[in-house]
Amino acid sequence: MTSPSLAKLTDDLSQPLDQTALRSVDRAIGELRRGDPVLVEDLEGGLALALSVEAVTAEALEELRKSAGSAPVLAVTRPRAVAIGLPGQQAPVVTLALTGGLDADAIHALVDPTRRTPQGPGPALSVAPAELGTREGAAVALAKLARLLPAAVVAPVRLPRGASAGTWAAKHDLMLVRARDILDYQTHAARTLTLVGDAAVPLVDAENTRVLAFRPPDGGVEHLAIVIGDPSAEDGPALVRLHSECFTGDLLGSLRCDCGDQLRGAIAEIARQGSGVVLYLAQEGRGIGLVNKLRAYQLQDEGFDTVEANEMLGFDADERIYLPAAEMLRQLGFSQVRLLTNNPDKLRQLARCGIEVIDRVPHVFPSNGHNEAYLKTKAERSGHMF
């Protein structure tokens, strides 16, 4: 029997690919990263201007108020709300407003835990829940996609009589993006990866290796398949490692994590067994991006563990998705794999995406004196099997 979640995923993947929707979200991501506001339309047709909290200044807030004609509120995720002293929140997004109005300093103190954040919300803070399909929820989801702090300043917009959202956005030189497109973005972007590069790349531990680059239809960052030897579905389930990129561990040799050991160890083990694939996924820092990972490191240096640091920033413990990995495996001709992993969630996620995991192959490396707490958190908080 098909599970409800898998049935929804299958239904999503059967829908026609909306290139216009993908482009609108991609462009809105660029606007947020440049520090410009975007116009967000919620599932009910309501409109609001949204600005990344990282772009907030006194001048930007005043311009937002004038353009929208309303007072902005601050939208944060449930984990961030809990971190600043608002326990018991059930909605995925929480909106915050100060009776005297939000100012830039208050916003940065509420959203950025690397600054000194006040303990507790304080008596002047008004709190309200928001779902993902609202203007506030969609704005936060867009900030996540942009790899910014997962929060946004949101100001409701009431259009002049007779004006449409498109004409008003064009008049004010704003990017218009729909909440539905934001929420569907990752699923649709992973649906059709295009092979754009394929070359032999001899490696130290695996000379017979090819690297294939797959580009998502939104034109975003490519995912890579490191194909070692000549794996074939006819020979049985391929030995596969799903490896999320880690600039600090893979390239710099950071001792804070075990990523570099896992990447090189996977290549060596697959070569030893004859053939297989390492999927190198563009999901730095468990999907939060390199800059936010560096912020998490700062929090870890203050005594928080890996999970706590991500949640302090407003993220879930793990923001990764595995639809791109499943699509790459399908294009490589594999529907069954033996997975090199210690992470039980990867088994579940691949199964949800239609890839059968025949066997879990342990992938354990000794600690180095710097990553003991990191590995302990993986085991105790994330259920990794060492």
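If Lys293, Lys66, Lys171, Lys144 are ordered by their accessible area, calculated over protein heavy atoms with a 1.4 Å probe, which sequence runs from highest to lowest? Before the final figure, lay out the partial values.
Numbers: Lys293 15, Lys66 145, Lys171 165, Lys144 50 Å².
Largest accessible area first, the residues go Lys171, Lys66, Lys144, Lys293.
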Local electrostatic count at Leu176 - Lys and Arg +1, Asp and Glu -1, tallied over other residues with Cβ under 14 Å:
-1
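Suppose every K and R has +1 on its Cβ and every D and E has -1 on its Cβ; what is the size of the dipole of the stretch 297-365 about the Cα centre, in Debye to the nearest 20? Show your work: numbers first, answer last.
Working: 7 positive and 12 negative charges, 133 e Å.
Roughly 640 debye, rounded to the nearest 20.
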How far is helix 259-273 tilted off the main Cα axis of the chain, in degrees rounded to 10, range 0 to 90?
30 degrees
Scalar couplings 3J(HN,Hα) for the stretch 183-192 by Karplus 6.51 cos²θ - 1.76 cosθ + 1.60 (θ = phi - 60°), nearest whole Hz, x for Gly and Pro, are 5, 8, 4, 5, 5, 6, 5, 8, 5, 10
Modelling each spin label as a point 7 Å along the Cα-to-Cβ direction, I'd like the Glu131/Tyr297 distance in nm, to one decimal.
4.0 nm
Mind pulling the angle between the C-alpha long axis of helix 4-14 and the longest principal axis of the chain? Nearest 10 degrees, somewhere in 0 to 90.
90 degrees
Put +1 on the Cβ of each Lys and Arg and -1 on the Cβ of each Asp and Glu in the chain; which of Met175, Pro366, Pro216 then has its Cα farthest toward the positive end of the dipole?
Met175
Return the carbon/sulfur percentage of the accessible area of the chain, one whole number, probe 1.4 Å, all protein chains in place.
51 percent
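Ordering Arg180, Arg295 by accessible area with a probe of 1.4 Å, largest first, what comes out? Provide the component values of the computation, followed by the final result.
Numbers: Arg180 120, Arg295 45 Å².
Descending accessible area places them as Arg180, Arg295.
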Ala199 versus Ala268, label points 7 Å from Cα toward the beta carbon: distance in nm?
2.6 nm
Which far-off residues, 5 or more places away or on another chain, put their amide H under 5 Å from the one on Leu98, with H placed in the peptide plane?
Ser126
Note to self: with every protein chain in place and a 1.4 Å probe, the stretch 165-291 gives an accessible area per residue in Å² of 44 Å²
Most positive-pole-ward Cα, Gly287, Leu195, Leu148, against dipole of the stretch 136-289 from beta carbon charges:
Leu148
For the stretch 240-300, run through the GluC sites (Glu not before Pro) and keep only the ones in DSSP coil with at most 14 other Cβ atoms within 10 Å of their Cβ.
none
If you plug each phi of the stretch 337-342 into the Karplus form 6.51 cos²θ - 1.76 cosθ + 1.60 with θ = phi - 60°, what whole-Hz ³J(HN,Hα) values come out, in order, with x for Gly and Pro?
9, 9, 9, 7, 6, 10
Say each of Thr57 and Asp36 gets a label point 7 Å from the Cα, pointing the same way as Cα to Cβ; how far apart are those two points in nm?
1.7 nm
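Can you pull the semi-axes for the chain, root of five times each eigenvalue of the Cα gyration tensor, sorted largest first, whole Å? Numbers along the way, then the final one.
Numbers: eigenvalues 305, 127, 60 Å².
That gives 39, 25, 17 Å for the three semi-axes.
Could you please report the charge total around Val53, scoring K, R as +1 and D, E as -1 over all other residues with beta-carbon less than 11 angstrom from its beta-carbon?
Numbers: positive: Arg80; negative: Glu54, Asp112.
Combined, the nearby Lys, Arg, Asp and Glu give -1.
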Mind putting a number on the dipole of the chain about its Cα centre? Charges go on the C-beta only, +1 for Lys and Arg and -1 for Asp and Glu, and I need it in Debye to the nearest 20.
480 debye
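Glu207 to Arg27: FRET efficiency via 1/(1 + (r/R0)^6), r the Cβ-Cβ distance, R0 35 Å, to the nearest 0.05? Spell out each step's value before the answer.
Working: r = 43 Å, r/R0 = 1.22.
Once the sixth-power term is evaluated, E becomes 0.25.
The values are calculated or read from the model by the stated rules, or taken from the named source; none is laboratory data. Computed from a prediction, not measured in an experiment: that's the story for all the values here. Please note: Cβ atoms are built from the backbone with ideal geometry, for glycine as well, and neighbour counts cover all protein chains shown. To get the accessible areas, we keep the full protein, side chains included, count just its heavy atoms, and leave off ligands, DNA and RNA. Shrake-Rupley method; radii C 1.70, N 1.55, O 1.52, S 1.80 Å.
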